[in-house]
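I'd like to ask you about the structure that follows.
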Amino acid sequence: PAAFIANANTLNMVIDNCMFYNTSATFCIDNVQGYGMTVRECVFKGITGNGIRLQQIPSLAEYSYVSRVTNCDFSIITAL
């Protein structure tokens, strides 16, 4: 898939204790446009693709403001 979790126009989303193992996705978590997203205690291991994208294209009004990633494990990630 393009993303397992897509955040578009959601405020203060919390993603907690998710595990992505041996899978393929363009992005496991794609924060296209959101404010205050927190990703904590997540595991990204054996991913063909990318872990988290924090979008930053102000001219297109797509942005990721005040995002926080804490205590996550990123292991063996192969970007597409």
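Assess whether PHE27 counts as being modelled with pLDDT of 90 or more and open to solvent by less than 30 Å² (accessible area, probe 1.4 Å). Full working, then the answer.
Numbers: modelled with pLDDT of 90 or more: yes; open to solvent by less than 30 Å² (accessible area, probe 1.4 Å): no.
Here the answer is no, as PHE27 does not meet what is asked.
Might you check whether a residue that is touching a Pro at 6+ places or on another chain (Cβ under 7 Å) and not aromatic (Phe, Trp, Tyr) occurs anywhere in the stretch 17-27?
Restricting attention to the stretch 17-27, the residues satisfying the condition of being touching a Pro at 6+ places or on another chain (Cβ under 7 Å) are 25.
Remaining after also requiring not aromatic (Phe, Trp, Tyr): 25.
There is at least one residue in the stretch 17-27 that is touching a Pro at 6+ places or on another chain (Cβ under 7 Å) and not aromatic (Phe, Trp, Tyr).
Of everything in the stretch 36-80 that's among the aliphatic types (A, V, I, L, M) and within 10 Å of the chain's Cα centre (by Cα), which residue is surrounded by the most Cβ atoms within 10 Å (Cβ to Cβ)?
VAL39
The values are calculated or read from the model by the stated rules, or taken from the named source; none is laboratory data. Everything quoted here is computed from the prediction, not taken from an experiment. Quick reminder, even Gly has a Cβ in these numbers, built from the backbone with ideal geometry, and neighbours come from all protein chains shown. The accessibility values were calculated without ligands, DNA or RNA, using every heavy atom of the protein model including side chains. Shrake-Rupley method; radii C 1.70, N 1.55, O 1.52, S 1.80 Å.
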